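Presented below is the structure to which this report refers.
The values are calculated or read from the model by the stated rules, or taken from the named source; none is laboratory data. All figures in this text were calculated on a predicted structure; none of them were measured in a lab. In this analysis, Cβ positions are derived from the backbone assuming ideal geometry, glycine residues included, and neighbour counts consider all displayed protein chains. Accessible surface areas use protein heavy atoms only, side chains included; no ligands, DNA or RNA. Shrake-Rupley method; radii C 1.70, N 1.55, O 1.52, S 1.80 Å.
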Amino acid sequence: MPKQPSRKVYESTPQRVLARAVAAVLVQQGVELSQQERRQIEYIVAESPRPELGDYGIPLARYAKRYRIDIDKFFENASALLIREPVVAEAKRVGGYLNIVINAANAAKLVFEAAHLEGFGYGRVKTDRPERIVVEHTSANPVHPLHIGHARNASLGDALARLLRARGHIVQTRFYINDMGRQVAVLAYGYIAAGLDNPPDGVKPDHWIGLVYAITHTLADIEELKRKLDKLKKEEKYDEYRQLLHELDELVAVASRLRERDPELFERIANALKGSDPAAEISKLMQIYEYRRDPKKVELFRRVVELCLQGFRETLSRLGIDIEKWDWESELAWTSMVSKIIEQARRSPYATVYKGALALNLQPLLRDPVVRERLGLSEDYEVPPLILQRSDGTTLYTTRDIAYSIKKFREFNADRVFNVIAAEQRLEQLQVRLALIALGYRREGLNLVHYAYEMVNLPGQKMSGRRGRYITLDELIDQAVAIARQEVEKRSPDLPEEEKQRIAEAVGTAAVRYTLVSVSALKPMTFNINEALNFDRNSAPYILYTHARASSILSKARERGIQLDWSSIDYSAASENQLRRSLVIQALVYPYVFAKAADEQRPELIVAYLNRLADTFNKWYTSGDSAINESDRGKQMFKLALVYTIKQILANALDLLGIKAIDRM
RNA sequence: GGGCCCGUAGCUCAGCCAGGAUAGAGCGCCGGCCUCCGGAGCCGGAGGUCCCGGGUUCAAAUCCCGGCGGGCCCGCCA
């Protein structure tokens with residue numbers, strides 16, 4: 001098999017080149033290196049803080065000491081190896097560092113040719129160990145529209161899937177439809193009781209569902225509260241009574257706000273709920289659904305969920321996100337999958353009875369050092385027993401999740417499964433993994449990854465789905481698109497209306513996605529829409545603008561009859577100025593950044609890389625080192641090829657984040 | 001009460017897993033520049049007890065221990 005050009009570039013990146021040389025010299029001097037240790041050498045390669053020291057370097061003092069080898073000889077031998085690399089112009093010792101100066105001309109040749117040959121494929125270095133991987137993401141409860149938090153989940157999940165695919169893995173994406181929870185039962189109760197059908201024309205189905213849910217939930221809570229109040233009054237507990245009365249006031253206020261949003265709908269649900277016992281009705285409905293006792297109600301239940309999912313799909317598709325498989329939680333209960341888990345649990349040595357219910361005692365698993373290491377736990381970590389079945393025989397969320405995990409592995413024959421799920425579900429995810437191991441699904445338990453992310457806040461907003469208080473993702477996208485539209489209006493007033501709108505849509509949605517993956521997943525973040533749409537810096541619009549600018553340079557060249565002839569490039573032009581050099585080196589390093597981002601599942605590395613690359617490119621652009629006005633043909637070809645390459649990298653990297661580059665804006 | 005995550009410039013964040021060169025970006029602030037392939041632009045500057053205290057090390061933002069502050073979790077909820 002011929003070597004992939006990007007692979008050749010990858011192996012010529014400073015990280016790989018330096019690590020290879022250092023490893024070789026260590027081995028030469030009799031040191032035995034594990035695969036892991038080789039890998040770690042690569043990690044400590046760093047960019048030099050000042051150009052006069054070189055471009056990249058590696059601190060060597062630690063090796064000299066750790067392996068007790070002659071430091072002078074070490075430098076000498078490593079340097080000798082390094083200067084044989086075409087991309088290395090010079091290797092030098094600076095203090096305890098071994099530094100290299102990149103041969104920009106050779107690097108440029110290598111990178112330009114790869115970019116020219118592979119185009120869209122440039123940078124997508126394939127892994128040596130392809131895996132089958134399932135990425136489950138978004139999986140929002142189908143009771144209200146998606147909000148900004150779901151957007152973080154979806155953006156991360158989709159970026160993850162794209163990174164892994166580009167890396168050569170075989171990936172499937174899945175959405176878990178949570179239709180067995182109490183929340184959906186609340187919604188279905190209101191929907192069925194009020195005899196509702198379809199949302200009115202022009203209303204997005206999930207928005208309408210969200211309102212039905214909030215109205216039903218609030219009215220049900222009011223009923224519930226009234227019952228409690230009666231009871232307290234009879235028992236003469238006046239302190240508690242007064243407190244609940246206050247709560248009731250608040251709920252009534254919430255209800256009246258909900259009524260304003262759709263008086264007719266509100267009255268319809270209110271009438272249907274009048275005089276009923278909602279809590280009891282909802283529980284009854286849950287049972288009906290779990291055991292499929294009333295086909296008509298089951299069908300309506302499904303129908304209401306389906307309506308909400310329609311809305312989800314619409315929103316996701318606007319963001320360019322397509323999820324391949326949609327799995328119904330109810331399907332697990334309706335087939336034998338969940339009962340099988342219960343059976344296995346009963347027979348398991350980890351079975352126990354906790355608070356009178358069937359449970360698993362997962363604590364003993366922590367004696368296994370492999371389990372501790374893979375799940376990141378200390379020996380004295382305390383895992384609460386996991387109850388699998390209610391006293392009335394119905395199943396619990398986590399039990400169904402265990403069954404679902406097995407399904408994900410089995411159906412796709414997966415080596416690994418990533419669950420993109422909020423960090424607050426950490427304990428539940430841990431219990432699922434431990435339970436899998438306890439029930440004999442060790443491989444699955446060890447290879448299920450909880451890809452946790454923290455919450456997203458909107459400045460000055462408190463959300464509540466139950467009360468219908470939220471900003472929908474749709475509204476947020478609309479806002480982003482509107483801001484983008486204004487910018488397009490200023491920058492390109494002469495474009496046709498339709499084109500302007502198309503660009504605004506692309507820019508606005510990209511801005512949302514880009515910002516949501518720009519911060520590492522474990523940090524809580526505040527989503528600031530104005531920063532997301534800052535056209536001047538650190539944003540999708542900025543990167544898209546840079547891409548459009550590069551595109552425009554190339555098309556202008558074509559207009560003037562300047563053809564990019566790859567065989568006439570004068571590569572010596574690469575080192576004639578700092579900005580060109582810097583661009584070449586950044587382009588060289590791209591395959592490495594990509595591989596690292598994919599292997600560590602860190603899309604934010606791509607964002608950071610893009611911001612920097614665009615900065616340097618724009619700096620070069622504004623420095624006046626014009627390609628079109630260049631009189632020397634070889635140099636002109638170099639500059640055009642550089643523009644071409646950077647444009648290609650911008651587009652390729654954006655694609656990993658699910659963003660399509662555009663040529664005008 | 002216990003566990004997990006986070007704490008770096010006024011603000012938003014990189015860097016920490018894998019210790020190493022004078023700790024980096026952007027926003028904001030201050031000062032300059034603008035006849036150039038796409039100007040809401042460009043260049044420069046100020047701004048830091050890396051939460052605190054110990055320890056390990058030739059070397060600590062990074063590792064270990066103890067605190068402090070914030071978030072989340074500890075349901076026969078999902």
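For the stretch A:489-500, the criterion of a residue being under 15 Å from A:Pro603 (Cβ atoms) and assigned to a loop (DSSP other than H, G, I, E, B) is satisfied by no position. Note on the stretch A:407-438: residues that are more than 12 Å from RNA strand B (Cβ to nearest atom) and open to solvent by 20 Å² or more (accessible area, probe 1.4 Å) total 8.
In the stretch A:71-80, the condition of being within 7 Å of RNA strand B (Cβ to nearest atom) and over 19 Å from A:Leu588 (Cα atoms) is met by no residue. When you look at A:Thr335, is it polar (S, T, N, Q), within 37 Å of the chain's Cα centre (by Cα), open to solvent by less than 70 Å² (accessible area, probe 1.4 Å) and at pLDDT 95 or above, yes or no? Criteria not met by A:Thr335. Applying the condition of being open to solvent by 10 Å² or more (accessible area, probe 1.4 Å) and touching a Phe, Trp or Tyr at 6+ places or on another chain (Cβ under 9 Å) to the stretch A:123-146 and asking which residue is nearest to A:Arg416 (Cα to Cα) yields A:Arg132.
Scanning the stretch A:108-117 turns up no residue that is surrounded by fewer than 21 Cβ atoms within 10 Å (Cβ to Cβ) and not in a helix (DSSP H, G or I). Inspection of the stretch A:604-626 identifies no residue that is open to solvent by less than 40 Å² (accessible area, probe 1.4 Å) and in contact with a Pro (Cβ under 7 Å, 6 or more places away or on another chain).
Can you find even one residue in the stretch A:357-365 that is assigned to a loop (DSSP other than H, G, I, E, B), surrounded by fewer than 21 Cβ atoms within 10 Å (Cβ to Cβ) and touching a residue at least 24 places away in the same chain (Cβ under 8 Å)? Yes, the stretch A:357-365 contains a residue that is assigned to a loop (DSSP other than H, G, I, E, B), surrounded by fewer than 21 Cβ atoms within 10 Å (Cβ to Cβ) and touching a residue at least 24 places away in the same chain (Cβ under 8 Å). Screening the stretch A:615-641 for residues that are more than 10 Å from RNA strand B (Cβ to nearest atom) and in a helix (DSSP H, G or I) and picking the one that is nearest to the chain's Cα centre (by Cα) gives A:Ala641.
The set of residues in the stretch A:78-100 that are open to solvent by 20 Å² or more (accessible area, probe 1.4 Å), closer than 15 Å to A:Ala46 by Cβ and among the β-branched types (Val, Ile, Thr) contains only A:Val94. Of everything in the stretch A:10-57 that is within 12 Å of RNA strand B (Cβ to nearest atom) and assigned to a loop (DSSP other than H, G, I, E, B), the residue that is nearest to A:Phe112 (Cα to Cα) is A:Asp55.
Scanning the stretch A:483-523 for residues that are near RNA strand B (Cβ under 10 Å from one of its atoms), polar (S, T, N, Q) and under 17 Å from A:His547 (Cα atoms) yields a count of 1. Just so you know, in the stretch A:439-459 the residues that are in a strand (DSSP E or B) and hydrophobic (A, V, I, L, M, F, W, C) include one that is farthest from RNA strand B (Cβ to nearest atom), and it is A:Leu448.
For the stretch A:87-106, a residue qualifies if it is in contact (Cβ under 8 Å) with a residue 24 or more places away in the chain, more than 16 Å from A:Ala587 (Cα to Cα) and not in a strand (DSSP E or B), and exactly one does: A:Gly96.
Summed over the stretch A:365-403, the residues that are under 23 Å from A:Ser283 (Cβ atoms) and of a type outside the set (Val, Ile, Thr) give a count of 12. Only helices (runs of 4 or more DSSP H) whose full extent lies in the stretch A:257-330 are considered here, and the ones with at least 2 residues that are closer than 20 Å to A:Tyr176 by Cβ are A:278-291, A:295-318. Please indicate, with yes or no, whether at least one residue in the stretch A:562-569 is surrounded by fewer than 18 Cβ atoms within 10 Å (Cβ to Cβ), within 11 Å of RNA strand B (Cβ to nearest atom), of a type in the set (A, V, I, L, M) and more than 16 Å from A:His116 (Cβ to Cβ). Scanning the stretch A:562-569, I find at least one residue that is surrounded by fewer than 18 Cβ atoms within 10 Å (Cβ to Cβ), within 11 Å of RNA strand B (Cβ to nearest atom), of a type in the set (A, V, I, L, M) and more than 16 Å from A:His116 (Cβ to Cβ), so the answer is yes. Of all residues in the stretch A:151-179, those satisfying the criterion of being of a type outside the set (A, V, I, L, M, F, W, C), buried (at least 24 other Cβ atoms within 10 Å of the Cβ) and either touching a Cys at 6+ places or on another chain (Cβ under 7 Å) or in a helix (DSSP H, G or I) (or both) are A:Arg152, A:Ser155, A:Gly157, A:Asp158.
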